[in-house]
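Heads up, the thing below is written out as structure tokens.
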Amino acid sequence: MLKIGIVGLSQAGKTTLFEIATRLRGSKLTGRAEAHVGVAHVPDARLDRLTEMYHPVKIVYASIEYVDTPGSVIELARSGAQAAALREMDALAHVVRAFEEATVPHESGDVDPQRDIENVELELMLSDLAVVEKRLERLEKDLKKQKNPSLEKERAALERARQSLEQQQPLREVQFSAEEERLLRGFTFFSLKPMLYVLNLSEKDAGRTGAADDFARQAGLRQRSRTAVTAISGKVEAELAEMNDAEAAEFLAGYGLEESAVARLVRSSYGLLGLISFFTVGEDECRAWTLREGMTALQAAGEIHSDIQKGFIRAEVVRHEDLIAAGSLAEARNRGSLRLEGKDYVVSDGEVVHFRHSG
Ligand SMILES: Nc1nc2c(ncn2[C@@H]2O[C@H](COP(=O)(O)OP(=O)(O)OP(=O)(O)O)[C@@H](O)[C@H]2O)c(=O)[nH]1
Ligand SMILES: [Mg+2]
């Protein structure tokens, strides 16, 4: 399962966000007390429609694992073991304090989201730079002993990374070639990870639906690659999480909102961070699965079960809207909207896939 690390300065609202995200309806918590690891379901209207068609015994939404981190990410990035754990995350959600609250002191004195974002980004880039430099040093030594084309390629990729970091450009914004990406992936650089900024607003701003967009524009975050901005009000959402559906709807209407900001946040941490869903359908189960954009049918099979991957023969693929229009897989096949694809087929968001496999 994909893991998102919730990071930020101390007292920014990380734990508040973690708790409300993982308490979304139907979600379950795993070892929350100790590890602060929890699972949130990804709301998905497409799966809801497929469910209306199949009336399955079981519905399984895609899920994302959130990991709450304690205290300041600046401290974490500087401490070996905790930094290593953070490097395992697939993406980071940086909770940025935008709420005013006299009883909760800000570690830098006053509330300034843009400054906090810049400080944290800088720290993460310095941490990456240290990794790059250490590896380059090692490579230089090895290359002096012996010429090696693959190490030379790695060195070139790392040199590009170094250049970018020295110019304070996060690695996620560099246009690396596929090969460079492959060479760099193993280093699990912080600044290469997709970044979701979560603006934690004051209660009085909870109804400002344009808050995230306005801030993104002001802070120059809009055009950045693999970067998304969303806003919540931790306090309002925490209250919402305690209510039943009817109460929640009324409460949201009071703020002029249609859905909980956490639902939006979970969806955006999913979509905007380069993740897609494919579906499997049937009378026993309709289910959404998570993939990274660009993953193949064979990798998709592996998400379900290693046996399906090993015995992969063909994938039957149909867009979910074509399946809904056809009314059944058999009819979709008749209409020619169901395709047979091989193991290298790149799965697209919203496709329904049925795997034919042996064994
Ligand atoms: N007014 C207001 N207070 C908030 C909001 N979000 C969080 N708080 C308060 O801020 C304090 C810190 O919130 P936490 O969620 O514990 O913050 P954290 O980032 O996990 O803190 P550390 O893990 O200690 O770094 C708590 O007292 C929260 O009640 C908000 O949106 N509005
Ligand atoms: Mg906390």
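Quick note: the coordinates plus some simple rules give every number you see, no bench work behind them. Keep in mind that what you see is a predicted model, and the values were worked out from it rather than measured. All Cβ positions, even for glycine, are placed from backbone atoms using ideal geometry, and neighbour counts span all protein chains on display.
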Selected from Ala315, Ala216, Ala130 as most flexible by GNM, with the chain as the system and alpha-carbon contacts under 10 Å: Ala130
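So if I place +1 on the C-beta of Lys and Arg and -1 on the C-beta of Asp and Glu, and nothing else carries charge, what would the dipole magnitude of the chain be about its Cα centre? I want it in debye, nearest 20.
Values: 47 positive and 58 negative charges, 316 e Å.
My answer is approximately 1520 debye.
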Could you sort 96-107, 259-270, 334-345 so that the peptide with the highest average Cβ count within 10 Å comes first and the rest follow in order? 259-270, 96-107, 334-345
Report, in whole Å, the centroid distance computed from the Cα atoms of region 87-140 and region 252-268. 27 Å
Arranged from highest to lowest average of other beta-carbon atoms within 10 Å per residue, in what order do the peptides 226-235, 50-59, 293-302 appear? 226-235, 293-302, 50-59
Label Asp110 and Ala178 with points 7 Å out from Cα along Cα→Cβ: what is the distance between them in nm? 5.0 nm
For Ser233, enumerate residues with amide H under 5 Å from its amide H, sequence gap 5+ or separate chain, H modeled in the peptide plane. Leu201
How far apart, in nanometres, would the label points at Arg46 and Glu88 be if each is projected 7 angstrom from Cα along the Cα-to-Cβ direction? 3.0 nm
Can you give the FRET efficiency to the nearest 0.05 for Lys310 and Ser225, using r as the Cβ-Cβ distance and R₀ = 41 Å? 0.70
Computed lengthening from Val60 to Arg339, 0.36 nm per intervening residue step minus Cα-Cα distance: 98.0 nm
Provide, for q = 0.12, 0.22, 0.26 Å⁻¹, the log10 of I(q)/I(0) from a solvent-free Debye sum over equal Cα point scatterers in region 294-357. -0.27, -0.83, -1.04
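Would you mind telling me the antiparallel percentage of the DSSP bridges in the chain, rounded to 5? Could you put the intermediate results ahead of the total?
Working: 24 of 50 bridges.
Just about 50 percent of them are antiparallel.
Considering Cα pairs under 8 angstrom that are at least six residues apart, work out the relative contact order of region 217-358 and quote it in whole percent.
Working: 194 pairs, mean separation 33.0, N = 142.
The value is 23 percent.
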Springs between alpha-carbon atoms under 10 Å, Gaussian network over the chain: tell me which of Ala91, Ala325, Ala212 tops the mean-square fluctuations. Ala325
Mind checking which of His94, His305, His320 has the largest fluctuation in a GNM of the chain, springs on alpha carbons under 10 Å? His305
7 Å from Cα along Cα→Cβ at both Leu143 and Glu101: what's the point-to-point distance in nm? 5.0 nm
By how many nm would the segment from Ala330 to Arg356 grow when fully extended, if each residue of separation counts as 0.36 nm and the alpha-carbon distance is taken off? 7.9 nm
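What dipole magnitude, in Debye to the nearest 20, does region 311-359 give about its Cα centre under +1 on Lys/Arg Cβ and -1 on Asp/Glu Cβ?
Result for region 311-359 is approximately 220 debye, rounded to the nearest 20.
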To the nearest 20 Debye, how big is the dipole of region 1-135 about its Cα centre, given +1 on the beta carbon of each Lys and Arg and -1 on that of each Asp and Glu? 700 debye
Can you list the residues, at least 5 places off or on another chain, whose amide H is less than 5 Å from the amide H of Val7, using H built in the peptide plane? Ala93, His94, Val95
Expected sort for 244-257, 71-84 on mean C-beta neighbours within 10 Å, highest first, is 71-84, 244-257
